[in-house]
1. Only one residue in Cys355, Cys360 is part of a helix (DSSP H, G or I) and either assigned by TED's automatic domain parsing to the domain that holds His481 or not aromatic (Phe, Trp, Tyr) (or both), so which one is that?
2. Has region 107-125 got any residue that is surrounded by fewer than 24 Cβ atoms within 10 Å (Cβ to Cβ) and among the charged types (D, E, K, R)?
3. With the condition being within 24 Å of the chain's Cα centre (by Cα) and among the polar types (S, T, N, Q), I'd like the helices (runs of 4 or more DSSP H) fully within region 431-534 carrying at least 1 qualifying residues.
4. Those residues that are in a loop (DSSP other than H, G, I, E, B) and over 16 Å from the mean Cα position of the chain (by Cα), I need them from region 55-70; list them, please.
5. Between a first residue in region 337-350 that is free of Cβ contacts under 8 Å to residues at least 60 places away in the same chain and a second residue that is hydroxyl-bearing (Ser, Thr, Tyr) and part of a helix (DSSP H, G or I), which pairs have beta carbons less than 8 Å apart while being 6 or more apart in sequence or on different chains?
6. So if I check each of Asp583, Asp578, which one is surrounded by fewer than 16 Cβ atoms within 10 Å (Cβ to Cβ), modelled with pLDDT of 95 or more and not polar (S, T, N, Q)?
7. Scan region 126-155 residue by residue and report those that are of a type in the set (Val, Ile, Thr) and surrounded by fewer than 24 Cβ atoms within 10 Å (Cβ to Cβ).
8. Do you know which residues across region 20-55 are of a type in the set (Val, Ile, Thr) and crowded, with 21+ Cβ neighbours inside 10 Å?
Amino acid sequence: MGKNIVQKIIENHLVSGRMQHGEEIAISIDQTLTQDSTGTMAYLQFEAMGIPRVRTKKSVAYVDHNTLQTGFENADDHKYIQTVTSKYGIYFSKPGNGICHQVHLERFARPGWTLLGSDSHTPTAGGIGMLAIGAGGLDVAVAMGGGPYYLTMPKVCRVVLKGKLNPWVTAKDVILELLRIMTVKGGVGKIIEYAGEGVSTLTVPERATITNMGAELGATTSIFPSDEVTRAFMKAQMREDEWVPLTADDDAYYDEEIVIDLGKLEPMVAQPHSPDNVDTVRNVGPIKVDQVAVGSCTNSSYLDLMRVARILEGKTVHPDVSLVISPGSKQVYSMLARNGALADLIAAGARILECACGPCIGMGQAPASNAVSLRTFNRNFYGRSGTPSAKVYLVSPEVAAASALTGVLTDPRTLGEYPVVELPETFEINDNLIIPPAEDGASVEVVRGPNIKPFPVNKELPERVEGTVLLKMGDNITTDHIMPSGAKLLPYRSNIPYLADYCLTLVDKDFPARAKSAGGGFLVGGHNYGQGSSREHAALVPLYLGIKGVIAKSFARIHMANLINSGILPLTFADEKDYDDIDMGDALVIEDAVKQIRQGDVLIVKNITKNREYNVKLALSPRLKEIILAGGLLNYTRKNS
């Protein structure tokens, strides 16, 4: 039997394990990336390992999240990242160079290679045929030190794209349709591999839009073949020598298959407050729009913004709409400026933001109270925009531009002839904001500002684990719920004690005080607990507050890994009915915890308050169990180095 693309790349990078679904494997990592929201913590952890120089083929640190400098904190973090990367052999992408995933796609991503990034949208590089996986900062730090990345061998889901898109229907609509089909938890434990004749009709930036939002499926990653379209894109980026062909064998096996007829799709929209709450623009209807935001790592490419510019050319944004646009990279921004498209956007009334994540991560442009905001972003979680009462809808750049003109949610097919935009034969190449590391790292002094605090490190798991249930939550609790972001909190990403006062406050404003008063305890959640961002702060801050374990119906992949890396027990109900029996305030205890973990995959949790017992699962590999017992990955790495 032949191999699919995923199997081919994993086989070439396999360090240990067998490529059988459900088994733990370890793969070598060619490249890593970090961004400043998660990067500071990742580099603090890398320093703690005592390794003198990174051992990857290339590691890049980007500054794209915390770029609003309303105080010294963000600037201090940037200085720390620039000096620590110079010392340890990591390339530094300065503020203004662009969003990590857009720049990495343009300048560094390579077909057939592996990439581990401390950002959940790292799979963007799958659009170029790279096995790109988002992970917590500590996993990335270990990879920078030359360690393999461990994961459970996923299923591979083949998504066959038939036909081609009609005018005004876009790559964003393809992934929104897949989210409608699979939901935000439908991709858990899977890698999405795209195939079919429709693939060749999509450019690399369009493919990257689709793989980017594969993160919203809960998938480990998503990947496209590397073909002549890939080759043309890399040639235009002056990187044709790095191109290799990569396709699945004709008789390759897949665990499941989904077919999407591109010709039957129409403009789609994800309604509040979940990326899978999808319907057609036509069905949702002409709701009044207050704000339109174009950008993010999903839709900020040259192709996206040129189409927006063509739609807006010679027209004026509706007087009731605020339109903001964030170019994805300096390359995109420069090319728009040179060809006149930037002037067209400005003349139409668009406000041009810097090349950064900006509103997508809650750094500025919070909507007005009760406003409707159309965004070309990847997430519309409750409160993520910075305005809890706002209603955020996810759309394509074409829908965004059309709606900005009319003032209501608009099907762009009503605008008439679709503006045809071709990718350039040659992109403008200027990497002057990517700073190479020092040749002699020993001479570099790492600069640490006063806001950079030590991160919490757990202790070995005791035989008796006990505490009260500090909070009980429902399904689809996101990392934005657990550790909110936004302009007010992102500057404190390197200050865990400060962040602790905001942990889970979107769910219960009294939680931090209750956790501190109790000295820690347990959290209880529903399905897909921890969906969303890779931010390990959603594990580190609960660790600081004394959380010993989370009992849930199911977990999102990255957050579960971050809990394990922090030494926090990620437990799932053996019988989901037990979820209904536990209440906030119940006293729980796990006796002989170490012995139980070593003996099997099922533990007994006693509810002292109700005099009941529950079976919970901790179905981990022997290595992951040892990490839990050691009190986290850092302790385990030190112990075994």
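The values are calculated or read from the model by the stated rules, or taken from the named source; none is laboratory data. Source: prediction; values computed, not measured. Note that each Cβ is placed from the backbone with ideal geometry, even for glycine, and that neighbours are counted across all protein chains shown.
1. On the way: Cys355 fails: part of a helix (DSSP H, G or I).
So the residue among Cys355, Cys360 that is part of a helix (DSSP H, G or I) and either assigned by TED's automatic domain parsing to the domain that holds His481 or not aromatic (Phe, Trp, Tyr) (or both) is Cys360.
2. Yes, some residue in region 107-125 is surrounded by fewer than 24 Cβ atoms within 10 Å (Cβ to Cβ) and among the charged types (D, E, K, R).
3. Values: elements: 479-482, 496-499, 511-518.
By residue number, 479-482.
4. Of region 55-70, the ones in a loop (DSSP other than H, G, I, E, B) are 55-57, 63-70.
Passing the criteria: Arg55, Thr56, Lys57, Thr67, Leu68, Gln69, Thr70.
5. Taking only residues 6 or more apart or on different chains, the pairs are Leu342/Tyr333.
6. Numbers: Asp578 fails: surrounded by fewer than 16 Cβ atoms within 10 Å (Cβ to Cβ).
Answer to the check: Asp583.
7. Narrowing region 126-155 to residues of a type in the set (Val, Ile, Thr): 128, 133, 140, 142, 152.
Passing the criteria: only Thr152.
8. Of everything in region 20-55, those that are of a type in the set (Val, Ile, Thr) and crowded, with 21+ Cβ neighbours inside 10 Å turn out to be Ile25, Ile27, Ile29, Thr32, Thr34, Thr38, Thr40, Val54.
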